[in-house]
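Okay, structure first, notes after.
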Amino acid sequence: MNEASRLLDGELTAAELTTLLERLKHDAALRDEIATHQLIRDGLAGLPALDAGYTLRILARLRQAGMDER
C-alpha cells in the first residue's frame, strides 16, 4: 500500500506522518496523488465532488501559506 492510501486510512505512525507532512510542503506530485486518492474514495462512497475551481483555490492558499512560512 502506498503512502497516500496509508495516510487516508490513518495507518501512518506519528513519525511517518511527520515525515510525510514535511514532504508535502515541497512535493506537489505527492499532494496531487493524495488529492486524487481522496477524490476516488469520495466517488466510490457516493459523495459529491466539489468543482475544480474550489480545489484549485484551496491548493493556491496552501501553496501561499507554505511560502509564507519560509
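The values are calculated or read from the model by the stated rules, or taken from the named source; none is laboratory data. Predicted model, so just to flag it, every value in this text is computed and none were measured. Ideal geometry is used to build each Cβ from the backbone, glycine not excepted, and the neighbour counts take in all protein chains shown. Calculation scope for accessible area: heavy atoms of the full protein, side chains included, ligands and nucleic acids excluded. Shrake-Rupley method; radii C 1.70, N 1.55, O 1.52, S 1.80 Å.
Name the single residue that is most open to solvent (accessible area, probe 1.4 Å) among those in the range 25-66 being acidic (D, E) and farther than 19 Å from D9 by Cα. So that I can check it myself, show each step before the final result.
Taking the range 25-66 as the starting set, the residues that turn out to be acidic (D, E) are 27, 32-33, 42, 51.
Then keep just the ones that are farther than 19 Å from D9 by Cα; that gives 27, 51.
On the way: D27: 47, D51: 92 Å².
Among them, the one singled out is D51.
Each row is one residue, and each column tells you yes or no for (1) in a helix (DSSP H, G or I); (2) over 10 Å from the mean Cα position of the chain (by Cα); (3) at positive phi.
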| position | (1), (2), (3) |
| --- | --- |
| L7 | yes, no, no |
| E16 | yes, yes, no |
| D32 | yes, no, no |
| G43 | yes, yes, no |
| P48 | no, yes, no |
| I58 | yes, yes, no |
| Q64 | yes, yes, no |
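Taking L17 as the residue in question, decide whether it is hydrophobic (A, V, I, L, M, F, W, C), surrounded by 10 or more Cβ atoms within 10 Å (Cβ to Cβ) and out of contact with any Lys or Arg (no Cβ under 7 Å at 6 or more places or on another chain).
Numbers: hydrophobic (A, V, I, L, M, F, W, C): yes; surrounded by 10 or more Cβ atoms within 10 Å (Cβ to Cβ): yes; out of contact with any Lys or Arg (no Cβ under 7 Å at 6 or more places or on another chain): yes.
Criteria met by L17.
Listed by first and then second residue, the pairs linking a residue in the range 6-17 that is among the hydrophobic types (A, V, I, L, M, F, W, C) to a residue that is assigned to a helix (DSSP H, G or I) and surrounded by 11 or more Cβ atoms within 10 Å (Cβ to Cβ), with Cβ atoms under 6 Å apart and 6 or more places separating them unless they lie on different chains, are L8/H37; L12/R6.
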